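Asks: I'd like to ask you about the structure that follows.
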Amino acid sequence: MKKFKCTVTRVDEYEIEIDETVINTEWMDDFKKHFYKIDDLEGHAEHIAQMRARTGPTDFIEGYGHVRINGHQYRHDTDKHIESGINISVISEDHDCEVEVEEIK
């Protein structure tokens, strides 16, 4: 059986908007109790961008709820929490990935 090491390179770019009246110090303190120790809005923007890149085109991000995508709030069941304080503007998502393949001997 042959084995290959594949290195995939892609570039995604997002503009993350966070409403600091919703995602405030109290909200961040509660988030840290249940999820990750992120101390500031920049850290949350980084985490949200990573999650979008990893999970793909979904409006649900664990810990944040349903976020807006390109300013659009998708409809969901009324019993689900809709997080109105976050918008992800997709600038680019690289569907044409570069793949470097190397056979492993």
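Asks: Touching a Leu at 6+ places or on another chain (Cβ under 7 Å), of a type outside the set (K, R) and surrounded by 15 or more Cβ atoms within 10 Å (Cβ to Cβ): does that describe I18?
Replies: yes
Asks: OK, next. Does any residue in the stretch 77-101 that is closer than 18 Å to Y64 by Cα and aliphatic (A, V, I, L, M) come within less than 7 Å, Cβ to Cβ, of a residue that is modelled with pLDDT under 65 and surrounded by 13 or more Cβ atoms within 10 Å (Cβ to Cβ) six or more places away or on a different chain, and which pairs are these?
Replies: I82/H76
Table: residues versus (1) within 18 Å of the chain's Cα centre (by Cα); (2) in contact (Cβ under 8 Å) with a residue 24 or more places away in the chain; (3) under 30 Å from V101 (Cβ atoms).
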position: K3; (1), (2), (3): no, yes, yes
position: D12; (1), (2), (3): yes, yes, yes
position: D19; (1), (2), (3): yes, yes, no
position: N24; (1), (2), (3): no, no, no
position: D30; (1), (2), (3): no, no, no
position: F35; (1), (2), (3): yes, yes, no
position: D39; (1), (2), (3): yes, no, no
position: E42; (1), (2), (3): yes, no, no
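The values are calculated or read from the model by the stated rules, or taken from the named source; none is laboratory data. All figures in this text were calculated on a predicted structure; none of them were measured in a lab. In this analysis, Cβ positions are derived from the backbone assuming ideal geometry, glycine residues included, and neighbour counts consider all displayed protein chains.
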